[in-house]
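Here is the structure we will look at, set down as structure tokens.
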């Protein structure tokens, strides 16, 4: 991957290596950027420390969840290891009124939006079907159907437009929508459809693609013949590629794209170039289709290490700070573990609860029959 | 202090079992939460399991190499907390309950008496059925929870015939089509029969009263097979009828096939294609269909080599090494290769190049309980006979234990397969993918042989060499094979060549 730091334009890269917006090198060196420096010049050392904390804690949520799955406490988990910077950087660019449509891997985005990680575990433990209130944190429920949330996001963005919450110039009123998806989703019809709708309606939506190089076991070259960000140009809106392991660059480009949307200038596509360090899900075994050398290559680009190096280099943090974050992560992991095991199994008849506002009589009869059946057992464990 | 057990979890959405590949801890070890304790292999992947407890390992409850069902306790850990035995992991017992409930809801025909007594019997696994998706195969006999006395549910339960009744909905549901079979004149308690219309027609056509047919279909439905079985029973004479039957019919009935294979086992058994078998299959198919194979044979008098081996075994240098004829063949191969480097080349299709390898990574095909693996000895050309012998023995032992690291199986340049150990003379081996040749070493037997003009008993063996005709021409392949044969016929040639 070549990095052209002198690039000023983020559109229409010439032939050859696509341009990649990068502000922080893998070695933790802050490099100047003509266009994007201005977008993060307000970031204080405190905020950098905050990003570091987000990155470390969200990674710990992820690794703890993988362990819990391996111990039989969760049915499944989709690890986001390696994608922390793309998620933290982009979600820290959001304002309160912006709305997020995630896939099932946006654990760090959920963290930044204030969703309790234990609630994420409930979904993967199979005791609920997404228990957080999307309206509370403007963070939609995880979408399992690949790419479907890009349509939801576009529709929601068109609603924002019709509410007049767009292009008014009022920073507390103008809202944008961000849709997260992966490289594999770009092969889905839903994503192309949402690009078309967003484009022709000038919808205030940012398409944030985390290109983690693998659609389960299919490599990127089996998904596309052009760099993904260039797809946007064909649909009539701008696209760019950012170093997805660089939290500052992700923050800068997402800020720009969101502001564009809030200002009524329409959609944009961000391709965050990153890597899925773990398996697709805990049910997958990546050693069957990819080489360790590739993993090693990306390990050197770790999103957390470079922030740490940057902070040490610029004396923003000392050993005590790193130890304090580590201790906080340990505490949080222990709490998560405890809360996960304590999550109550749902009552069997609760399946009837959340489908209809007014449950029809036939369903009520079925529910009553099931309750009678369960009551007929002599042993105490009536499983509720 | 208390002891906690960790049950084998389902790590892959609906897996039923896993093999314990290797333990990373032993009794007495201290463990922390999330320390890796064991590596398991499922139908999907090799997975490391982190420990859910902190404490001291009390015991490993499953041995390496064993395959156990999900829910089996695999390790016990003495924890510092004063709690009673606690199970974490797959809910063995609970899972069965849930399965049982599901079954109950599905109104499977119940066997009320036996159902209430069979409590803790572990469901017998009839055979292994790894699955990749879904919730796994249902065990044939789920155990049933005891019912409250006198609370036979009013609806949706089976009657004593084991024929399920449909819940009466009381909304004027049309009478069951069971009437079509001609019953229905019986008492009001007469069970309704569940069957699809074509099955009912079949019963009618065959003259079977469908209400007498034992249903085996889902939810207690009568299937086509049930009707056929019932029809066959009707046409077969009953024991009382048999008494009146002619005596000539008797022997015919005695030879009723059991439907079983030998040893009274099932006629056919389906085995999952597991990792090593699958890899072997892929490698062999790839090799056989990309590399045009040519195989040549030579029968050679190896008496001198056998004598040499005998002498060496008695020497000081080899006193603690098991020197096999295979080691001598391996050495001969290493000496012969530089004289015909083509047999040690590699076809790089992507680069459009032939890679000449000036080193020998000698693969030794090893039969292991897990299947065939071909680990190789790196830089075998630099090794002495003693080192080669040691290397081969180690390689084979590691392979048999199933512990061959992946690195040992990669980068081979040429291989030997020792088919002689199975007592056969030779074979047409398939080249290990990525290599140019493979030598089959047959059994060494004493045979009558013309030696110095007389027929004498000599130690004779057959060598078979398969080579990739893209890389090796007939002339080169023949020269190489004859070189190896010459070295074995007269080991003294080694002095002249190396």
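So here's what we get for this one:
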read-out: Qualifying residue in region A:318-333 (condition: farther than 25 Å from residue A:115 by Cα and either in contact with a strand residue (DSSP E or B) (Cβ under 6 Å, 6 or more places away or on another chain) or part of a loop (DSSP other than H, G, I, E, B) (or both)); value: yes
read-out: Unmet requirement for residue A:251, which otherwise passes all of (1) touching a helix residue (DSSP H, G or I) at 6+ places or on another chain (Cβ under 8 Å); (2) part of a loop (DSSP other than H, G, I, E, B); (3) more than 14 Å from every other protein chain (Cβ to nearest Cβ); value: (2)
read-out: Hits in region A:346-364 (condition: within 12 Å of chain B (Cβ to nearest Cβ) and modelled with pLDDT of 90 or more); value: A:361, A:362
read-out: Test for residue A:367: is it modelled with pLDDT of 90 or more, loosely packed, with under 12 Cβ neighbours inside 10 Å and within 14 Å of chain B (Cβ to nearest Cβ); value: no
read-out: Some residue of region A:143-160 being in contact with a strand residue (DSSP E or B) (Cβ under 8 Å, 6 or more places away or on another chain), buried (at least 24 other Cβ atoms within 10 Å of the Cβ) and within 14 Å of another protein chain (Cβ to nearest Cβ); value: no
read-out: Residue tally, condition over 21 Å from residue A:22 (Cα atoms) and buried (at least 17 other Cβ atoms within 10 Å of the Cβ), over region A:286-316; value: 1
read-out: Failed criterion for residue A:42 (all others in (1) in contact (Cβ under 8 Å) with a residue 24 or more places away in the chain; (2) over 22 Å from residue B:34 (Cα atoms); (3) away from chain B (no Cβ under 14 Å) hold); value: (1)
read-out: Qualifying positions in region B:1-15 - part of a loop (DSSP other than H, G, I, E, B), within 12 Å of chain A (Cβ to nearest Cβ) and touching a strand residue (DSSP E or B) at 6+ places or on another chain (Cβ under 7 Å); value: B:8, B:9, B:11
read-out: Filtered residue count, region A:242-267, keeping only those that are closer than 20 Å to residue A:23 by Cα and buried (at least 24 other Cβ atoms within 10 Å of the Cβ); value: 15
read-out: Total residues in region B:462-478, condition surrounded by fewer than 17 Cβ atoms within 10 Å (Cβ to Cβ) and touching a residue at least 24 places away in the same chain (Cβ under 8 Å); value: 4
read-out: Answer from A:23, A:68 - the residue that is within 16 Å of residue A:244 (Cβ to Cβ) and crowded, with 16+ Cβ neighbours inside 10 Å; value: A:23
read-out: Residue satisfying condition, being at negative phi, modelled with pLDDT of 90 or more and within 12 Å of chain B (Cβ to nearest Cβ), within set A:342, A:378, A:333; value: A:333
read-out: Number of positions in region A:91-132 that are outside any helix (DSSP H, G or I) and surrounded by fewer than 18 Cβ atoms within 10 Å (Cβ to Cβ); value: 11
read-out: Restricting region B:22-40 to residues that are surrounded by fewer than 18 Cβ atoms within 10 Å (Cβ to Cβ) and touching a strand residue (DSSP E or B) at 6+ places or on another chain (Cβ under 6 Å), the residue that is nearest to the other protein chains (Cβ to nearest Cβ); value: B:36
read-out: Failed criterion for residue B:80 (all others in (1) away from chain A (no Cβ under 11 Å); (2) under 21 Å from residue A:69 (Cβ atoms) hold); value: (2)
read-out: Residue that is more than 30 Å from residue A:42 (Cβ to Cβ) and assigned by TED's automatic domain parsing to the domain that holds residue A:193, where the choices are A:331, A:353, A:318; value: A:331
read-out: Meets criteria (within 14 Å of chain B (Cβ to nearest Cβ) and part of a helix (DSSP H, G or I)) for residue A:293; value: yes
read-out: Per-region count, region B:202-244, residues at pLDDT 80 or above and either assigned to a helix (DSSP H, G or I) or closer than 17 Å to residue B:192 by Cα (or both); value: 30
read-out: Wholly enclosed strands (runs of 3 or more DSSP E) of region B:16-56 bearing at least 2 residues in contact (Cβ under 8 Å) with a residue 40 or more places away in the chain; value: B:17-23
read-out: Helices (runs of 4 or more DSSP H) lying entirely in region B:272-351 (those with 2 or more residues that are free of Cβ contacts under 8 Å to residues at least 40 places away in the same chain); value: B:275-290, B:303-314
read-out: Matching residues in region B:352-377 - criterion: being at negative phi, assigned to a loop (DSSP other than H, G, I, E, B) and surrounded by fewer than 16 Cβ atoms within 10 Å (Cβ to Cβ); value: B:358, B:359, B:369
read-out: Any hit, region A:71-83, residues being modelled with pLDDT of 95 or more, in contact with a strand residue (DSSP E or B) (Cβ under 7 Å, 6 or more places away or on another chain) and outside any loop (DSSP other than H, G, I, E, B); value: no
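The values are calculated or read from the model by the stated rules, or taken from the named source; none is laboratory data. Worth saying up front: this structure is predicted, and the values here are computed from it rather than measured. Here the Cβ is made from the backbone with ideal geometry for all residues, glycine too, and neighbour counts use every protein chain on show.
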